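Asks: Shown below is the structure under consideration.
The values are calculated or read from the model by the stated rules, or taken from the named source; none is laboratory data. Quick caveat, the model's predicted, so the values are computed rather than measured. FYI the Cβ positions are ideal-geometry reconstructions off the backbone, even for glycines, and counts take in every protein chain you see. Side chains included, ligands, DNA and RNA excluded: accessible areas come from the protein's heavy atoms. Shrake-Rupley method; radii C 1.70, N 1.55, O 1.52, S 1.80 Å.
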Amino acid sequence: MRFDRIFVSEDIDSNNLGVTTMLKSFGYTNIGHSQYCDEALLKLKRAILDGMPFGLLITDLSFNDARNKKKLQNGQELIRAIKEFYPEIKIVVFSVEDDHNTIKSLFEDQKIDGYVCKGLNGLKELQNSIEAIANNETYTCPIATVALQQKNTLELNDYDQKLLSLLAIGYKQNEISILLKEDGISPNSIRSIEANISKLKDYFDATNTTHLVYIASSMGLI
């Protein structure tokens, strides 16, 4: 399946341009847009009444709307309102928010189909989410996946953070072993370093070391 019409609800021009450009590069031409939640809901409803509903809504959660008279305060309220009117619409949230409770609630209560965090590789992840949702699958980017698994950065100790920092710089395991020995940090054997890196990959659900560094960096750990 491929979406015929996609609506983007995003108040920041640069973000909207990035999303729209990405969509057009993959052949999507029927793209609606609004910078305000109230206006977005009206346009979405009008399209439904005209018999040309948007199949997918891409929306942020936070909106800077200076107008005093507004019914919908944020993306969550927009999602709730359009779902009540047209439950068939597919929804992917594209936001900087990575709070576990927020993401979990959106999937369980609002029945969204995808969640992508803005930032490094955000547009690529958004593309992946559209492809997955078009195939009736749900999708979460790596950061959202970690958040849903209730991974708490405070659980990381100094040793874990040291390993992540050295991996991010580009050091190999044998080089990390030498550096840890020089700093008097243990465990510092190559085997123990390998075991701890494996633990971190499991902890963050990372497929490889590069993926691990990407997730840790996106979460502000390094």
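Asks: Which count do you get for residues in region 178-222 that are on the phi < 0 side of the Ramachandran plot and without any contact (Cβ under 8 Å) to a residue 40 or more places away in the chain?
Replies: First pass over region 178-222, keeping only residues on the phi < 0 side of the Ramachandran plot: 178-183, 185-204, 206-219, 221-222.
Checking the rest, the ones that are also without any contact (Cβ under 8 Å) to a residue 40 or more places away in the chain come to 178-183, 185-199, 201-202, 207-208, 210.
The total comes to 26.
Conditions tested, residue by residue: (1) open to solvent by less than 50 Å² (accessible area, probe 1.4 Å); (2) within 21 Å of ASP4 (Cα to Cα).
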| residue | (1), (2) |
| --- | --- |
| TYR28 | yes, yes |
| ALA40 | yes, yes |
| ARG46 | no, yes |
| LEU49 | no, yes |
| MET52 | no, yes |
| LEU56 | yes, yes |
| PHE63 | yes, no |
| TYR86 | no, yes |
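Asks: Would you mind finding the one in ILE185, ILE215, ILE176, ILE197 that is in a loop (DSSP other than H, G, I, E, B) and either β-branched (Val, Ile, Thr) or over 20 Å from the mean Cα position of the chain (by Cα) (or both)?
Replies: ILE185
Asks: Examine region 109-119 for a residue that is open to solvent by 10 Å² or more (accessible area, probe 1.4 Å), among the hydrophobic types (A, V, I, L, M, F, W, C) and within 26 Å of LYS201 (Cα to Cα), and state whether such a residue exists.
Replies: yes
Asks: For region 75-90, name all the residues that are without any contact (Cβ under 8 Å) to a residue 60 or more places away in the chain and among the aliphatic types (A, V, I, L, M). Break it down into steps so the answer makes sense when it comes.
Replies: Just the residues of region 75-90 that are without any contact (Cβ under 8 Å) to a residue 60 or more places away in the chain, to begin with: 76-77, 79-89.
The answer is ILE79, ALA81, ILE82, ILE89.
Let's see how each residue does on (1) touching a helix residue (DSSP H, G or I) at 6+ places or on another chain (Cβ under 6 Å); (2) in contact (Cβ under 8 Å) with a residue 40 or more places away in the chain:
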position	(1), (2)
ARG46	no, no
MET52	no, yes
GLN73	no, no
VAL92	yes, yes
GLU108	no, no
GLY114	yes, no
GLY122	no, no
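Table: residues versus (1) within 26 Å of TYR214 (Cβ to Cβ); (2) at pLDDT 95 or above; (3) assigned to a helix (DSSP H, G or I); (4) in contact with an Asp or Glu (Cβ under 8 Å, 6 or more places away or on another chain).
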site: PHE63; (1), (2), (3), (4): no, no, no, yes
site: LYS69; (1), (2), (3), (4): no, no, no, no
site: GLN76; (1), (2), (3), (4): no, no, yes, no
site: ILE79; (1), (2), (3), (4): no, yes, yes, no
site: GLU97; (1), (2), (3), (4): yes, no, no, no
site: ASN101; (1), (2), (3), (4): yes, no, yes, no
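Asks: Being in a loop (DSSP other than H, G, I, E, B), aliphatic (A, V, I, L, M) and either closer than 17 Å to LYS199 by Cα or at pLDDT 90 or above (or both), is that true of even one residue in region 123-134?
Replies: At the first step, the residues of region 123-134 found to be in a loop (DSSP other than H, G, I, E, B) are none.
Looking through region 123-134, none of the residues is in a loop (DSSP other than H, G, I, E, B), aliphatic (A, V, I, L, M) and either closer than 17 Å to LYS199 by Cα or at pLDDT 90 or above (or both).
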